[in-house]
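Novice: The structure's right below; bear with me while I get my questions together.
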Amino acid sequence: MFKQKQTKNAKVDTLIGTKTRINGDIEFSGGLHLDGYINGNVKGDAAVGTFLSVSEQGGIEGSVIAPNVLLNGVVKGDIEASGRIELGAKARVLGNVNYSVIETAVGAQINGKLIHRVNGGTGGGEPGPKESPEL
């Protein structure tokens with residue numbers, strides 16, 4: 001009846017630990033799990049299995065572009081998820097969220113706009129996005 005969530009069975013290829021701080025942009029493919037802090041932009045490969053997971057201790061100061069995002073930490077920047085984004089109860093987003101499918105837990109906070117993308121598009125050459133009012 002319901003599809004099983006892709007992130008439940010996803011394989012983590014890269015782990016960034018709690019005591020790690022990265023200053024600079026990161027590009028990845030496969031699964032990236034972040035317990036530390038990234039001061040830079042994070043971009044995931046457009047492949048279907050690519051996902052970013054940010055724990056409660058994790059944080060990103062920069063934009064995030066990835067097909068699938070599971071966020072329980074803080075992102076200070078815009079997020080663009082062409083597939084699915086899940087915001088946990090401790091998730092904090094200080095920026096706009098571009099999404100195709102979104103799931104939010106009670107307690108998640110978004111300080112920006114929610115922008116729905118039809119069929120995972122990025123807006124290039126497609127009709128304009130639907131925007132919801134700022135929260």
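Novice: Can you say whether Q4 is outside any strand (DSSP E or B) and modelled with pLDDT of 95 or more, as far as the supplied structure shows?
Specialist: No; evaluated as a whole, the condition is false for this residue.
Novice: Look at G83 and say whether it is under 19 Å from A108 (Cβ atoms), part of a loop (DSSP other than H, G, I, E, B) and within 12 Å of the chain's Cα centre (by Cα).
Specialist: Criteria not met by G83.
Novice: For the stretch 56-80: of the residues being surrounded by fewer than 19 Cβ atoms within 10 Å (Cβ to Cβ) and in contact with an Asp or Glu (Cβ under 6 Å, 6 or more places away or on another chain), which is nearest to G40 (Cα to Cα)?
Specialist: Residue satisfying both the conditions and the ranking: S63.
Novice: Any idea how many residues of the stretch 81-118 are crowded, with 18+ Cβ neighbours inside 10 Å and of a type in the set (D, E)?
Specialist: So the answer is 1.
Novice: Output the residues belonging to the stretch 7-28 that are at pLDDT below 95 and in a loop (DSSP other than H, G, I, E, B).
Specialist: N9, A10, K11, V12, D13
Novice: Please tell me if A46 is among the hydrophobic types (A, V, I, L, M, F, W, C) and buried (at least 17 other Cβ atoms within 10 Å of the Cβ).
Specialist: no
Novice: Do any residues in the stretch 77-98 that are without any contact (Cβ under 8 Å) to a residue 40 or more places away in the chain have Cβ atoms under 7 Å from those of residues that are part of a loop (DSSP other than H, G, I, E, B) and polar (S, T, N, Q), where the two are at least six apart or on different chains, and which pairs are they?
Specialist: Listed pairs, sorted by first residue: G77/S63; D78/S63; D78/N96; G88/N72; K90/N72; A91/N72; V93/N111; L94/N111.
The values are calculated or read from the model by the stated rules, or taken from the named source; none is laboratory data. As the structure is a prediction and not an experimental result, all values here were calculated from the model. Counting neighbours? That spans all protein chains shown, and the Cβs are built from the backbone with ideal geometry, glycine included.
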